[in-house]
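Every number in this text was worked out from the coordinates using simple rules, so none of it is lab data. All values reported here derive from a predicted model rather than from experimental measurement. All Cβ positions, glycine included, derive from the backbone under ideal geometry; neighbour counts span all protein chains shown.
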Amino acid sequence: NAGVTQTPKFRILKIGQSMTLQCTQDMNHNYMYWYRQDPGMGLKLIYYSVGAGITDKGEVPNGYNVSRSTTEDFPLRLELAAPSQTSVYFCASSPPGAAHEQYFGPGTRLTVT
Amino acid sequence: QQPVQSPQAVILREGEDAVINCSSSKALYSVHWYRQKHGEAPVFLMILLKGGEQKGHEKISASFNEKKQQSSLYLTASQLSYSGTYFCGTEIPNSGYALNFGKGTSLLVTP
């Protein structure tokens with residue numbers, strides 16, 4: 001049982017490049033989330049999904065896209081990377097319903113230069 | 001709206017106690033607490049629910065005042081392993097129970 005895995009761990013992108021951050025969970029959780037964490041700012045919700053085929057925007061979705069074709073995978077796509085997207089990205093999952101803990105992946109540290 | 005945490009940072013000697021506070025301008029139905037060590041992912045500590053139910057860590061306690069829209073995390077007899085950044089989170093309405101996290105409280109426990 002690996003929990004939530006993310007790849008890559010680190011990445012440097014040039015301005016305007018695109019990439020996909022991968023996230024996979026093996027706990028059969030319906031709910032999945034993408035957060036970004038900037039120094040001193042806590043975590044901000046980018047996108048979330050309540051099940052395969054269902055995704056919706058969070059607080060800071062601009063410049064990102066997601067898909068959820070399976071229960072296990074929830075990739076995050078960055079199009080036309082900008083320096084403002086330099087951040088640490090965390091994927092998380094939880095069982096359905098209220099009052100459940102979220103299980104976080106190890107994170108992807110992205111630098112856009 | 002992002003919950004507000006205080007203090008921003010705390011330095012303790014091993015064995016001392018600390019309280020971390022979290023407040024919201026909106027009605028709260030639950031408050032979640034996570035701890036993050038440097039370079040690692042946040043790790044779940046506990047959830048406090050409206051009505052007084054708690055789920056989580058055995059060695060850390062917390063309170064939830066629904067009327068004041070506040071929660072406090074109590075770290076007693078601190079250990080070196082308690083060092084890290086503590087975040088409270090409140091559920092974002094209609095967002096699959098995603099969390100709105102505070103900016104965090106940095107806790108350093110020294111020998």
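Taken over chain A, the convex hull of the Cα atoms encloses 94 Å³ per residue. Rounded to the nearest whole Hz, the Karplus-based 3J(HN,Hα) values (6.51 cos²θ - 1.76 cosθ + 1.60, θ = phi - 60°) of region A:50-61 follow the sequence 9, x, 4, x, 10, 9, 7, 6, x, 6, 10, x, with x at glycine and proline.
In chain B, a dipole from Cβ-located charges (positive for Lys and Arg, negative for Asp and Glu) runs towards its positive end, and of B:ASN94, B:TYR34, B:ILE47 it is B:ASN94 whose Cα lies farthest in that direction.
Using Cα springs under 10 Å in a Gaussian network model of chain B, which residue among B:LYS67, B:LYS50, B:LYS37 shows the largest mean-square fluctuation? Per the Cα network of chain B with a 10 Å cutoff, B:LYS67 tops the list. Between A:ARG109 and B:ILE60, the C-beta separation translates, for a Förster distance of 22 Å, into a calculated FRET efficiency of about 0.20. Only Lys, Arg, Asp and Glu carry charge here, each on its Cβ (+1 for the first two, -1 for the last two); on that basis the protein assembly as shown has a dipole of about 440 debye about its Cα centre.
Charged side chains reduced to their Cβ positions (Lys and Arg at +1, Asp and Glu at -1) give region B:4-110 a dipole of some 240 debye around its Cα centre. FRET efficiency for the pair B:ASP17 and B:ILE92, taken as 1/(1 + (r/R0)^6) with r the Cβ-Cβ distance and R0 = 30 Å, rounds to 0.40.
Under the combined filter of DSSP loop state and at most 15 neighbouring Cβ atoms within 10 Å, region B:32-111 retains these GluC sites (Glu not before Pro): B:GLU40, B:GLU53, B:GLU58. Ranking A:GLY16, A:TYR103, B:LEU75 by how far each Cα lies toward the positive end of the dipole of the protein assembly as shown (charges on Cβ) leaves A:GLY16 at the top.
Rounded to the nearest 20, the size of the Cβ-charge dipole of chain A about its Cα centre is 380 debye, with Lys and Arg at +1 and Asp and Glu at -1.
Toward the positive end of the charge dipole of chain A, with +1 on the Cβ of Lys and Arg and -1 on the Cβ of Asp and Glu, the farthest Cα among A:VAL4, A:PRO61, A:MET27 is that of A:PRO61.
Per residue of B:88-99, other chain Cβ atoms within 10 Å of the residue Cβ number 6 on average.
Each Lys or Arg adds one and each Asp or Glu takes one away; over the other residues whose Cβ falls under 14 Å from the Cβ of A:HIS29, this sums to -3.
Taken as Cα centroids, region A:4-35 and region B:1-36 sit 28 Å apart, rounded to the nearest whole angstrom.
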